[in-house]
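First up is the structure itself, then whatever we jot down about it.
Each value in this text was obtained by applying a stated rule to the coordinates, not by laboratory testing. Quick caveat: nothing in here was measured; it's all calculated off a predicted structure. Neighbour counts run over all protein chains shown; Cβ positions are idealised from the backbone, glycine included.
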Amino acid sequence: MRVSATNPGLAPTLAVIGGGQLARMMAQPAIALGLPLRLLAEADGVSAAQVIPDHLVGDYRDLATLQKVTDGCAVVTFDHEHVPTEHLHALAASGLAVRPGPDALVHAQDKGLMRERLAELGVPCPRNAIVGSVAEVEAFGFPCVLKTTRGGYDGKGVWVVRSAADAAEPFEVAERTGVRILAEELVDFTRELSAIVARSPSGQAAAYPVVQTTQLDGICHEVIAPAPGISEQLAGQAQAIALRIAGALDVTGVLAVELFETVDGRILVNELAMRPHNTGHWTQDGAVTSQFENHLRAVMDLPLGSPAPRARWSVMVNILGGANSDVGRLYDGFPHAMARDPHLRVHLYGKELRPGRKVGHVNTYGDDLEDCLERARHAAAWFRGDLGNQSE
């Protein structure tokens, strides 16, 4: 049952679908903006439901539930991209402002459609093809990457295959779930980058500095803003690609474009996300306006805030549950981490620890990159329990 928060009518209510940490981190800027949020959470006590009192627990795959939670709201936005496309069209047809809209969001929901549209736009991408059998993968060529076109995230639904034997599992998943399989070349890249932009319905857009990202087991582990050593030309090209995609697909809100920087100095688009993104968490403390605030401003068609960095360098390191993590005692990491680094910023998600699960992140900033990296890595390791009870 939804608990209704008092809304004196000073601002329209924004519905948010999905109760994860992204919705949780929208709450703080929403408070500052005086913007009431109403949440559809997947279970009691999930991350965002802990901080957004006006929430309903229900299934985002059920249209009646979506209609109930958005009743009386001006706009609906999302913590994830998994709401069925046909339900989004139904909500839009009822007069609700769906942002991003279903015709945009489908390109983040379906990797096959995304590749087709980016090819039409002439956006540089890895060589790719939809494949229906192991034989077609062999014809595409090994080694390659196979992906489910829908439903994959954080390394799930992604396989690096080097032989026909490696390619069997993806097609077993496809047969079980009814999704298609996308084959992509295994890109020889030097590093991964991310370009994040925000775009409003009126067409205003803002581009954040291009960042360098490091993945661990398919999960974003570390972000450096801006990407060290990136040329103005390459950074500008990445931002221009992100802005072009946002405009061509009519994206409203935050768009994250994950990129490969290749050994020969090119950039290729890897993935799209139409929501605040892990590679933009550094903006909470390192930018004038965070990605979360600009997402809210964009979907409500308010003027966007400055994406400019506050310091020369910002570093974000995720806190992942590890083998040494002590379930329920994450909060106990604060005394050491805060005493050691008074400038450290820690963001916890209110999640129970499990190995490999994202349960928080730390942000550091300053003029010395190596110092920022050391501080962020130490704090994240301390919260993970990797440093035990060491004192300094």
### Message
Helix-only estimate, please: 222 nm mean residue ellipticity of the chain, summing -39500 (n - 2.57) across DSSP H runs of length 4 or more and dividing by its residues, to the nearest 500.
### Response
-9000 deg cm²/dmol
### Summary
Under the Karplus relation with 6.51, -1.76 and 1.60 and θ = phi - 60°, whole-Hz ³J(HN,Hα) for the range 279-284, x at Gly and Pro, equal 6, x, 5, 4, 5, 4
### Query
Where in the range 93-130 does the amide nitrogen come within less than 17 Å of the point 7 Å from the Cα of LEU186, taken along Cα to Cβ?
126-129
### Query
Using a basic spin-label model with each label point 7 Å from the Cα along Cα→Cβ, how many nm lie between ALA135 and GLU116?
2.4 nm
### Proximal lysines relative to LYS358, as straight alpha-carbon distance under 25 Å, when same-chain residues fewer than 8 apart are discounted
LYS111, LYS147, LYS156
### Task
Quick one: which residues, 5 or more positions from LEU193 or on another chain, have an amide H under 5 Å from its amide H? H modelled 1.01 Å from N in the peptide plane, none for Pro or chain starts.
THR213, LEU259, PHE260, GLU261
### Query
Got a sec to turn the phi values of the range 348-354 into Karplus ³J(HN,Hα) couplings, 6.51 cos²θ - 1.76 cosθ + 1.60 with θ = phi - 60°, whole Hz, x for Gly and Pro?
9, 9, x, 10, 6, 6, 9
### Query
When the Cα centres of the range 308-374 and the range 191-230 are compared, how far apart do they sit, in Å?
19 Å
## Note on the structure
Binned at 20 Å starting from 0, the alpha-carbon pair-distance distribution of the chain in whole percents comes out as 27, 59, 13, 0
### Message
Just to check I understand the Karplus step: with θ = phi - 60° and J = 6.51 cos²θ - 1.76 cosθ + 1.60, what whole-Hz values come out for the range 118-134, glycine and proline as x?
### Response
5, 5, 4, 7, x, 7, x, 9, x, 4, 8, 6, 6, 10, x, 6, 4
### Query
So who's got an amide H within less than 5 Å of the one on THR13, skipping anything under 5 residues away but keeping other chains? H placed 1.01 Å off N, in plane.
ALA74
### Task
Mind running the shape call on the range 118-185? Use the C-alpha gyration tensor, a ≥ b ≥ c as the square roots of the eigenvalues: rounded below 1.5 for a/c, prolate if a/b tops b/c, oblate otherwise.
oblate
